[in-house]
1. Scanning the stretch 32-75 for residues that are among the aliphatic types (A, V, I, L, M) and in contact with a strand residue (DSSP E or B) (Cβ under 7 Å, 6 or more places away or on another chain), which turns out farthest from GLU244 (Cα to Cα)?
2. Which members of the stretch 287-305 meet the condition of being exposed (fewer than 12 other Cβ atoms within 10 Å of the Cβ) and assigned to a helix (DSSP H, G or I)?
3. Taking ASP42 as the residue in question, decide whether it is of a type in the set (Asp, Glu), out of contact with any helix residue (DSSP H, G or I) (no Cβ under 7 Å at 6 or more places or on another chain), assigned by TED's automatic domain parsing to the domain that holds GLU253 and at pLDDT 95 or above.
4. Output the number of residues of the stretch 100-151 satisfying the condition of being not aromatic (Phe, Trp, Tyr) and not in a helix (DSSP H, G or I).
5. How many residues, within the stretch 240-271, are assigned to a helix (DSSP H, G or I) and among the small types (Gly, Ala, Ser)?
6. Taking the stated definitions as given, is LEU81 among the hydrophobic types (A, V, I, L, M, F, W, C), in a strand (DSSP E or B) and either modelled with pLDDT of 95 or more or surrounded by fewer than 22 Cβ atoms within 10 Å (Cβ to Cβ) (or both)?
7. Report yes if some residue within the stretch 217-232 is assigned to a loop (DSSP other than H, G, I, E, B), within 22 Å of ILE168 (Cβ to Cβ) and under 17 Å from the mean Cα position of the chain (by Cα); otherwise report no.
Amino acid sequence: MKKLLLTATALVALGAATSFANAADLVLYTSQPNEDAQATVDGFMAENPDIKVDWVRDGTPKIMAKLMAEIEAGNPVADVLLIADTVTLERMKQAGQLMAYQSPEAANYEASLYDADGHYYSTKLITTGIMYNTAASMKPTSWQDLAKPEAKGLVTMPSPLTSGAALIHAQTLTGVDSLGWDYYRALQENGAIAAGGNGGVLKSVASGEKAYGVVVDYMPIREKAKGAPVEFVFPEEGVSAVTEPVAILNGTEHADAAKKFVDYVLSEKGQEGFLKLGYIPARNGMPVPDGFPARESIKVLPLDAAAALKATDEDLKTFSSIFGTN
């Protein structure tokens, strides 16, 4: 275990990834937090002790930039991907970079949560809503509350240029008639900061540096359970969601091990692992983590992955024109 952890740490530091990969039976590229990535790999290896897994972790844009550079050089290191969103994997599917695999576990999932051709499968529902410090004067219930005078200069959010979930969130909210890009302009005019990833938002709001944050659900819910002075709100208009899909890289030399990994994360055992980590499982019939409302009470806003993919470049330009390039 210690050796695996040291290997993962070295990989995360972008060390000699290729040399590690040569010694592994399977290499995972993921945007999961380090602790979660380790738990996922540990769970899989417990069920498949004959398969040694190494992993590389970074935010989705950075991990994809690394992978695309490797593909361009003709030497992709990854065998399987477990990253933030289906839009990124839809791009890879259209480019012929993913292997189609019809997992028998798909029968336990809503058809909208996986690619019909088997190129990628959602593993969980990670929504983005509003967190606030309990010392804040306003208790937000709506996205519009963050643009009110009471929140002036007190809002922080991750940047779509850094976070895959933040990009999906922006593309989702701008598709809502009552919000759109005018909402983001109103946030900027109200002094909202957009920079970095979700972890930075969590720290800023939990410490009291900012009163309000746009963030993925599990982070503040976990921290509240540990005693942090934060609350999380599912705004009345609805929330965006990323589903952290899993996929197999086309051309992998470890296809059998990769298929076993896909089956594991989609299985009841694998989904129980995500539940223990504090995520809403994507598999039908699973409970929600402590601290979450009933699944049917959470309004998830729609997003067309193919349309979002087509609009991505323009959406990033629009966001940058409003908030800069942080």
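The values are calculated or read from the model by the stated rules, or taken from the named source; none is laboratory data. Computed from a predicted model, the values in this text were never measured in an experiment. Ideal geometry is used to build each Cβ from the backbone, glycine not excepted, and the neighbour counts take in all protein chains shown.
1. In the first step, residues of the stretch 32-75 are kept if they are among the aliphatic types (A, V, I, L, M); the result is 37, 39, 41, 45-46, 51, 53, 56, 63-65, 67-69, 71, 73.
Narrowing further to those that are in contact with a strand residue (DSSP E or B) (Cβ under 7 Å, 6 or more places away or on another chain): 37, 41, 45, 51, 53, 56, 63, 67.
On the way: ALA37: 12, VAL41: 15, MET45: 20, ILE51: 22, VAL53: 19, VAL56: 15, ILE63: 14, LEU67: 17 Å.
It comes out as ILE51.
2. Keep residues of the stretch 287-305 that are exposed (fewer than 12 other Cβ atoms within 10 Å of the Cβ), which gives 290, 293-294, 296-297, 302.
If the condition is that a residue be exposed (fewer than 12 other Cβ atoms within 10 Å of the Cβ) and assigned to a helix (DSSP H, G or I), then GLU296, SER297 are the ones that fit.
3. Details: of a type in the set (Asp, Glu): yes; out of contact with any helix residue (DSSP H, G or I) (no Cβ under 7 Å at 6 or more places or on another chain): yes; assigned by TED's automatic domain parsing to the domain that holds GLU253: yes; at pLDDT 95 or above: yes.
So ASP42 fits the description; yes.
4. Filtering the stretch 100-151 down to residues not aromatic (Phe, Trp, Tyr) leaves 100, 102-108, 110-113, 115-119, 122-131, 133-142, 144-151.
With not in a helix (DSSP H, G or I) added as a condition, the list becomes 100, 102-103, 110, 115-119, 122-131, 133-142, 148.
Looking only at that region, the number is 30.
5. Applying the first criterion (assigned to a helix (DSSP H, G or I)) to the stretch 240-271 yields 255-266, 268-271.
Applying the additional criterion that residues be among the small types (Gly, Ala, Ser) yields 255, 257-258, 270.
Residues flagged as assigned to a helix (DSSP H, G or I) and among the small types (Gly, Ala, Ser) within the stretch 240-271 amount to 4.
6. Numbers: among the hydrophobic types (A, V, I, L, M, F, W, C): yes; in a strand (DSSP E or B): yes; either modelled with pLDDT of 95 or more or surrounded by fewer than 22 Cβ atoms within 10 Å (Cβ to Cβ) (or both): yes.
Taking the combined requirement at face value, the residue satisfies it.
7. Step one: of the stretch 217-232, the residues assigned to a loop (DSSP other than H, G, I, E, B) are 217, 226-229.
So of that shortlist, the ones also within 22 Å of ILE168 (Cβ to Cβ) come out as 217.
Of the ones still in play, those that are also under 17 Å from the mean Cα position of the chain (by Cα) are 217.
Yes, the conditions are met somewhere in the stretch 217-232.
Every residue, every condition in (1) within 25 Å of GLY270 (Cα to Cα); (2) at pLDDT 95 or above; (3) in contact with a Ser or Thr (Cβ under 8 Å, 6 or more places away or on another chain); (4) surrounded by fewer than 22 Cβ atoms within 10 Å (Cβ to Cβ), yes or no:
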position	(1), (2), (3), (4)
ALA111	yes, no, no, yes
LEU146	no, yes, no, no
ALA151	no, yes, no, no
PRO160	no, no, no, no
